[in-house]
């Protein structure tokens, strides 16, 4: 695997290999078995969006793999002062073994990969969040013992999380039902992709319809980073799109809840549902570390 730019690019076999290696690396860490597979390798981490889980998990992951991670904020790089992405890609390719970037435009990630000569990993863009969904798939597999045949219901904004969940879950044999308000649907490119999966994908404006018979319910904040000015408008648009007891009553027995965090209790999810499923949610957060270590090994190893 050369890059991880979006899950639309990966085959089912590639996703399986990532999840398999992630579970192996997680087991080694829990057993205290050294796994310094990237000894001497260096990862540049470009952050144009702030982060808790992405920064800590990638930095710790590189350390555990025997490598080194450099934190490069927008203020630290000339890219923040107008240097073309193409020039940044060519310069960093001379110094580093890989780049992880967390930014706004998907095109910036694609350009880094196209122009640079080292692996590029998408830590998040407005279009896609592939690392998060790999961790989600890993967590669902751990709790349910499988992925194929399960139904995931996504409730809320058709954002980068919805885009990546649709791609990742459908490729892994799951069904996906998305409930989004009018005007907040997933990206057209993703919806075109989903058409090939027929009845295994459903887009609705009814959260209870989406949740019916679900094995996993997933939600995200109503206003993501960069959308803070839209908070009031979005609060109005997303009324009724809360993961609460009434919605969970429509799901299958033993239904999981997943949230990419941070969570706004009382908005997209009630405090009661969040705490009832906290173990699953924080297993999901932990698995960012293990899934990303697998991606790092496969890209940089």
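The values are calculated or read from the model by the stated rules, or taken from the named source; none is laboratory data. Since this is a predicted model, take the numbers as computed values, not measurements. In this analysis, Cβ positions are derived from the backbone assuming ideal geometry, glycine residues included, and neighbour counts consider all displayed protein chains.
In the stretch 209-226, how many are at pLDDT 95 or above and either in contact with a helix residue (DSSP H, G or I) (Cβ under 6 Å, 6 or more places away or on another chain) or buried (at least 21 other Cβ atoms within 10 Å of the Cβ) (or both)?
Qualifying residue count for the region: 10.
Only one of (1) loosely packed, with under 13 Cβ neighbours inside 10 Å; (2) within 15 Å of residue 156 (Cα to Cα); (3) without any contact (Cβ under 8 Å) to a residue 40 or more places away in the chain is not met by residue 262, so which one is it?
So residue 262 meets the others, but not (3).
Per-residue answers, yes or no, for (1) farther than 26 Å from residue 293 by Cβ; (2) surrounded by fewer than 18 Cβ atoms within 10 Å (Cβ to Cβ):
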{"site": "81", "(1), (2)": "yes, yes"}
{"site": "86", "(1), (2)": "yes, yes"}
{"site": "91", "(1), (2)": "yes, yes"}
{"site": "99", "(1), (2)": "no, no"}
{"site": "117", "(1), (2)": "no, yes"}
{"site": "121", "(1), (2)": "no, no"}
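Among the candidates 105, 113, single out the residue that is more than 14 Å from the chain's Cα centre (by Cα), surrounded by fewer than 20 Cβ atoms within 10 Å (Cβ to Cβ) and over 26 Å from residue 217 (Cα atoms).
On inspection, the qualifying residue turns out to be 105.
Please go through the stretch 232-241 and give me each residue that is surrounded by 12 or more Cβ atoms within 10 Å (Cβ to Cβ) and either outside the structural domain of residue 261 (by TED's automatic domain parsing) or assigned to a loop (DSSP other than H, G, I, E, B) (or both), ordered by number.
238, 240, 241 - these are the residues of the stretch 232-241 that are surrounded by 12 or more Cβ atoms within 10 Å (Cβ to Cβ) and either outside the structural domain of residue 261 (by TED's automatic domain parsing) or assigned to a loop (DSSP other than H, G, I, E, B) (or both).
Say whether the condition of being in a loop (DSSP other than H, G, I, E, B), farther than 24 Å from residue 227 by Cα and outside the structural domain of residue 90 (by TED's automatic domain parsing) is met by at least one residue in the stretch 117-138.
no
Here are some conditions: (1) within 28 Å of residue 14 (Cβ to Cβ); (2) touching a residue at least 12 places away in the same chain (Cβ under 8 Å). Residue 268 meets all but one. Which one does it not meet?
Going through (1) within 28 Å of residue 14 (Cβ to Cβ); (2) touching a residue at least 12 places away in the same chain (Cβ under 8 Å) one by one, residue 268 breaks only (1).
Only residues in the stretch 50-76 that are assigned by TED's automatic domain parsing to the domain that holds residue 32 count as the first member; pair them with residues that are assigned to a helix (DSSP H, G or I) and surrounded by fewer than 15 Cβ atoms within 10 Å (Cβ to Cβ), Cβ under 7 angstrom, at least 6 apart or cross-chain, and list the lot.
Partner pairs satisfying both residue conditions: 74/80.
Can we say residue 229 is in a strand (DSSP E or B) and either in contact with a strand residue (DSSP E or B) (Cβ under 6 Å, 6 or more places away or on another chain) or surrounded by fewer than 17 Cβ atoms within 10 Å (Cβ to Cβ) (or both)?
No, not satisfied.
Checking the structure you have, find out if any residue of the stretch 20-33 is in contact with a strand residue (DSSP E or B) (Cβ under 7 Å, 6 or more places away or on another chain), farther than 14 Å from residue 295 by Cβ and either outside the structural domain of residue 142 (by TED's automatic domain parsing) or crowded, with 20+ Cβ neighbours inside 10 Å (or both).
No, the stretch 20-33 contains no residue that is in contact with a strand residue (DSSP E or B) (Cβ under 7 Å, 6 or more places away or on another chain), farther than 14 Å from residue 295 by Cβ and either outside the structural domain of residue 142 (by TED's automatic domain parsing) or crowded, with 20+ Cβ neighbours inside 10 Å (or both).
Out of everything in the stretch 1-19 that is within 30 Å of residue 227 (Cα to Cα) and in contact (Cβ under 8 Å) with a residue 60 or more places away in the chain, what residue ends up being surrounded by the fewest Cβ atoms within 10 Å (Cβ to Cβ)?
8
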